[in-house]
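What follows is a single structure, written as structure tokens, with notes after it.
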Amino acid sequence: MKTKILMVCLGNICRSPLAEGILQSKVDSEKVLVDSAGTGNYHIGKPPDPRSIAVARKNGLHIEKQRCRQFSPNDFQKFDVIYAMDNSNFNAIIDMANGQDEIVKVKRLMDEIDGPIKEVPDPYWDDDGFEKVFRLIDSACQAIATKL
Ligand code: 4NP
């Protein structure tokens, strides 16, 4: 049985598509399935933000085939671990959880590594933020991949 991991941000066009692509590149796809979703519904069906596609490509990853979808309460049953990019999305997901079995699946991505940064900042309004966001997500995904 594959381990199923869901990466969640607000729009599912900037951070979580990167997290999906980065983690999938570090694990055996026979053993681990990675998907992503957004708590918001602004960009459903759209490809990732061009700036996320560009920073991924610069780092040897291709995320342009991904399509945005909204997080659904059904995802609690479909996935083993749900990683939120920041506190606001963590709280939004927890609010949709039904009981302790679902709550315990939800984690903050940056809790996977030691250090002062506990949230992946939203880069949507900051053209310069994407390289930093890539590095933060990459370091957390490396820690996850090492543990899997
Ligand atoms: P993301 O970034 O949550 O990392 O995908 C955002 C993308 C779009 C919006 C906000 C954040 N938006 O307001 O449209």
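Annotation: per residue accessible area for the stretch 35-148 equals 56 Å², rounded to a whole number [probe 1.4 Å, protein chains only]. Summarising the amide proton neighbourhood of Met7: residues at separation of 5 or more, or on other chains, whose placed amide H is nearer than 5 Å comprise Asp35, Ser36, Ala37, Tyr83. Helical content alone sets the calculated 222 nm signal of the chain at -11500 deg cm²/dmol, taking -39,500 (n - 2.57) per DSSP H segment of four or more residues and averaging over every residue. Taking each residue as 0.36 nm, the span from Val104 to Lys78 lengthens on full extension beyond its C-alpha to C-alpha distance by 8.0 nm. Mean-square fluctuations from a GNM of the chain, with a 10 angstrom spring cutoff on Cα atoms, peak among Ile93, Ile44, Ile13 at Ile44. Of all complete DSSP H helices in the chain, those with a Cα span along the helix axis of 18 Å or greater and a mean Kyte-Doolittle hydropathy of 0.0 or more are 129-147. Ranking Asn87, Gln24, Ile5 by Cα position along the charge dipole of the chain, where only Lys, Arg, Asp and Glu carry charges on their C-beta atoms, puts Gln24 farthest toward the positive end.
From the Kirkwood radius over Cα pairs of the stretch 69-131, Stokes-Einstein at 4 °C and 1.567 mPa s returns a whole-number translational diffusion coefficient of 101 µm²/s. The phi torsions of the stretch 70-86, fed into the Karplus equation with coefficients 6.51, -1.76 and 1.60 and a -60° offset, translate into couplings of 8, 4, 10, x, 4, 5, 4, 7, 7, 10, 8, 9, 10, 9, 8, 6, 8 Hz, rounded to whole numbers, with Gly and Pro shown as x. Normalising the average separation of contacting C-alpha pairs (under 8 angstrom, six or more residues apart) by the number of residues puts the relative contact order of the chain at 27 percent.
Note on the stretch 3-147: the C-alpha convex hull projects to 8.1 nm² when averaged across all orientations. The distance linking the stretch 1-28 with the stretch 49-112 is 7 Å (Cα centroid to Cα centroid, whole angstrom).
Result for the chain in a Gaussian network model with C-alpha springs under 10 Å: among Leu136, Leu18, Leu109, the largest mean-square fluctuation is at Leu136.
The values are calculated or read from the model by the stated rules, or taken from the named source; none is laboratory data. Nothing here was measured: the structure is a model prediction, and the numbers come from that model. Neighbour counts are summed over all protein chains in view; Cβ atoms, including those assigned to glycine, are modelled from backbone coordinates with ideal geometry. Accessible surface is based on the protein model in full, side chains and every heavy atom, while ligands, DNA and RNA are left aside. Shrake-Rupley method; radii C 1.70, N 1.55, O 1.52, S 1.80 Å.
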